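Single-structure report; data block below.
The values are calculated or read from the model by the stated rules, or taken from the named source; none is laboratory data. Only a predicted model underlies this, so the values are computations on that prediction, with no experimental measurement involved. Here Cβ is always computed from backbone atoms with ideal geometry, including for glycine, and neighbour counts include all displayed protein chains. All accessible areas refer to the heavy atoms of the entire protein, side chains included, with ligands and DNA or RNA removed. Shrake-Rupley method; radii C 1.70, N 1.55, O 1.52, S 1.80 Å.
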Amino acid sequence: RAKQGGRNQVCFFTREMNREALDLLQLDSSLRNALQAGDFELHYQPKLQCGRGAVCGFEALLRMRAADGSLVPPDRFIGLAERTGTIVSIGQWVMLEACTQAQRWREAGHDISIAVNVSARQFRVGNFVDEVAGVLARSGLPADALELELTESLLVEDPEAMVEKLKALKALGVHIALDDFGTGYSSLGYLARFPIDALKIDRSFVAHLGRDTHSTQLISAIIDLGRRLRMRLVAEGVETPTQREFLERAHCDELQGFLIGRPLPAEEAARCLSAAVSADADTPAVASSEA
Ligand code: C2E
Ligand code: MG
Ligand code: MG
Ligand code: MG
């Protein structure tokens, strides 16, 4: 049996490989091959802007298409790719693919933004800012339509260097969001020092809304904190109408979660955009086929 901690990274591969042969190099070359072969794909999960009741953007979420046609979720391979460094190439592919898709939607008349998850290793490479600038140039996406999702832990390690990098990204015009906010190690001091545009409230808090008074109070406090620091508040993992109502009443800016829409391949995700345009209205914009 694989150890619990490493389970996510290896279990997909173990069926085809001898346990003894499981070493990082082999697993890593599978990832590189998958990238070469075009086995990675992005799914897009909508974000609803509370005030307008319309889809204002998508988060790009990475999946790997396995040989049997099934989809492998990112938790199974991102950790490994981080350890070997292959996340840097994978991340470059993700960024270009996501920005290119978002620009296609924009050219079709939809004023949407795209959020891309950036891993610590990817962010730390020397030329990350140039990479981002290059992707914007190649895709034609305006910088302010791109939001990079970073985690708190990334900022803690080398705060001085990180501040400089974030400032350079801000100078390009891209937005910065802190993902899974509330679960990391952040000292609140970082929030004031870093040029952060948005906080994504971790779904563990949202899941307990209404059931556990501490989570409920915490969300209210996070929203208040973000508002005072002039940040946008995005709630992740919104699954029930009760959660949605609470978050809307608390003046959360954007909602994301299965209630709004699941991550879907580009063509399917786009349906919620056409719906929004044709209805141009207060009707919930998102296809509910999977809800
Ligand atoms: P994340 O960025 O916090 O993404 C949110 C995760 O929650 C996604 O899982 C999404 O499918 C899931 N989710 C969204 N709404 C709901 C909901 O209402 N209920 C529940 N239970 N789950 C919901 P996913 O796609 O498996 O991604 C997991 C993590 O993998 C992401 O967490 C992110 O940290 C990482 N990841 C995904 N794509 C990339 C990528 O392109 N690059 C990097 N570096 N990391 C990625
Ligand atoms: Mg994210
Ligand atoms: Mg998150
Ligand atoms: Mg998360």
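Hey, what angle do you get for helix 24-37 against the long axis of the chain, alpha-carbon based, 0 to 90 degrees rounded to 10?
Once rounded, one gets 70 degrees.
Which aspartates and glutamates does K200 reach when only Cα atoms under 14 Å apart count, and residues fewer than 8 places away in its own chain are ignored?
E59, E147, E149, E152, D179, D180, D224, E236, D253, E254
Only helical DSSP H runs with n ≥ 4 go in: add -39500 (n - 2.57) per run for the chain, normalise by residue count and round the 222 nm mean residue ellipticity to 500 deg cm²/dmol.
After summing the helix terms and dividing by the residues of the chain, the value is -13500 deg cm²/dmol.
What accessible area per residue, rounded to a whole number of Å², is obtained for the stretch 141-192 using a probe radius of 1.4 Å? Mind dumping the intermediate values first?
On the way: 2130 Å² over 52 residues.
I get 41 Å² per residue for the stretch 141-192.
For every other residue with a beta carbon closer than 14 angstrom to the beta carbon of R104, add +1 if it is Lys or Arg and -1 if Asp or Glu, then tell me the sum.
Working: positive: R106, R138; negative: E97, E107, D111, E267.
Result for the local shell: -2.
Quick check: net charge around Q122, other residues with Cβ under 11 Å of its Cβ, Lys/Arg +1 and Asp/Glu -1?
Value of the local net charge: 0.
Which values, in whole Å and largest first, are the semi-axes of the equivalent ellipsoid of the chain obtained as the square root of 5 times each eigenvalue of the Cα gyration tensor?
29, 23, 21
Could you work out the pair-distance distribution P(r) of the stretch 100-210 from its alpha-carbon pairs, with 5 angstrom bin width and percents rounded to whole numbers?
Reading the bins upward from 0: 2, 11, 21, 23, 18, 12, 8, 4, 1, 0.
Can you check how the C-alpha radius of gyration of the stretch 40-165 compares to 2.2 N^0.38 Å, as a plain ratio?
1.10
Which FRET efficiency value, to the nearest 0.05, is calculated for R65 and R32 with the Förster distance at 22 angstrom and r the Cβ-Cβ distance?
For R0 = 22 Å, the calculated efficiency reads 0.90.
Between exposed chymotrypsin sites (Phe, Trp or Tyr not before Pro) in the chain, where DSSP calls loop and at most 15 other Cβ atoms lie within 10 Å, what's the longest gap?
1-184
Calculated FRET efficiency, D39 and D75, Cβ-Cβ r, R0 22 Å, to nearest 0.05?
E between D39 and D75, to the nearest 0.05, is 0.85.
For A168 and D23, calculate 0.36 nm times their separation in residues minus their Cα-Cα distance, and state this gained length in nm to one decimal.
Going from the current span to full extension adds 48.4 nm.
Using the basic label-point model (7 angstrom from Cα toward the beta carbon), what is the A108 to H214 distance in nanometres?
4.5
Using a cut-off of 14 Å between beta-carbons, work out the net charge of the residues near L209 (Lys and Arg +1, Asp and Glu -1, L209 not included).
Values: positive: R203, R211, R244, R249; negative: D202, D212, E236, E239, E245, E248.
So the environment of L209 carries a net charge of -2.
Tell me the label-point distance for the pair H251, A137, using the 7 Å Cα-to-Cβ offset, in nm and rounded to one decimal.
For H251 paired with A137, the spin-label model returns 4.2 nm.
Given a 10 angstrom Cα cut-off, can you work out which residue in T100, T240, T213 is the most mobile in a GNM of the chain?
Judging by the Gaussian network model, the answer is T213.
Report, in debye and to the nearest 20, how large the dipole of the stretch 107-192 comes out about its Cα centre when Lys and Arg carry +1 and Asp and Glu carry -1 on their Cβ.
Working: 6 positive and 14 negative charges, 39 e Å.
Rounded to the nearest 20 debye, it is 180 debye.
Would you mind telling me the share, in percent, of accessible area of the stretch 131-233 contributed by carbon and sulfur at probe 1.4 angstrom?
52
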